[in-house]
1. Under a GNM of the chain (C-alpha, springs under 10 Å), which listed residue has the highest mean-square fluctuation: Arg149, Arg69, Arg126?
2. Pulled fully out, how much extra length does the chain show between Ala95 and Leu65, if you take 0.36 nm times their separation in residues and subtract their Cα-Cα distance?
3. Restricting to the chain, compute how many DSSP beta bridges are antiparallel as a %, nearest 5.
4. Under a Cβ-only charge scheme (Lys and Arg +1, Asp and Glu -1), can you give me the dipole magnitude of the chain about the Cα centre, in debye to the nearest 20?
5. When DSSP assigns beta bridges and you keep just the ones with both residues in region 1-78, what percent turn out antiparallel, to the nearest 5?
6. What FRET efficiency, computed as 1/(1 + (r/R0)^6) with R0 = 25 Å and r the Cβ-Cβ distance, is obtained for Trp84 and Ala6, rounded to the nearest 0.05?
7. Between Glu56 and Val116, 0.36 nm times their residue separation minus their Cα-Cα distance comes to what?
8. What accessible area, in Å² to the nearest ten, does a 1.4 Å probe give for Leu65?
Amino acid sequence: CGHESAMLVPTQTVFLRDAADQAACEELFAAYELLAATVTHFVVEPPCSGARLAVEAWAIGGLGLTVERRSAQSVTVTYDGIQWLYTGVVKPLSATAGVHGQALDVFQQTHGLLGVVGLGWQNVVRTWWQLEGLTAVQGHTQRYLELNRARAEAFAGINFGNGRLSAVAHHLGY
């Protein structure tokens, strides 16, 4: 009450009409100290308004809040004993592996980012994967189905929520 603290932006997604605009956006964002600890995702998907770009930014503020850039691909936010890890800008290392192989590679890289701060997939409560041409056909199947196949392989045997959600899920009848 009566104390103000700066809002910080740990993650933002920039939707671009044209991929050629990404470099200019990166240059603009680099000039702002407020965005120094921000993981920025660029998605080449025209905003529904027809604008050249749209930005979805997650901001947080408050006393006792810590935001720390862990790498070019990750930022941690710590507040009141709880830690969030935002990751992004993870791209497949090979462009020739097909969606299944590329997705497995991205899952592996992300697992490494989680491990750097002592976390694993069982600690993850939300993910968002951007796949261009999601419903396009690759070989004899849809790209989305290949992403799901890779996800099933990468997450096999993982106890998401580390058991913390089972009581709630059971109570709700799921």
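1. Comparing Arg149, Arg69, Arg126 in a Gaussian network model of the chain, the most mobile one is Arg126.
2. 6.9 nm
3. 75
4. 500
5. For region 1-78, the DSSP antiparallel bridge percentage is about 65.
6. 0.90
7. So the chain would gain 19.0 nm between Glu56 and Val116.
8. Accessible area of Leu65: about 30 Å².
The values are calculated or read from the model by the stated rules, or taken from the named source; none is laboratory data. The shown structure was predicted, so the numbers you read here are calculated from the model rather than taken from an experiment. Cβ sites come from the backbone with ideal geometry, for glycine too, and all protein chains shown count toward neighbours. Side chains included, ligands, DNA and RNA excluded: accessible areas come from the protein's heavy atoms. Shrake-Rupley method; radii C 1.70, N 1.55, O 1.52, S 1.80 Å.
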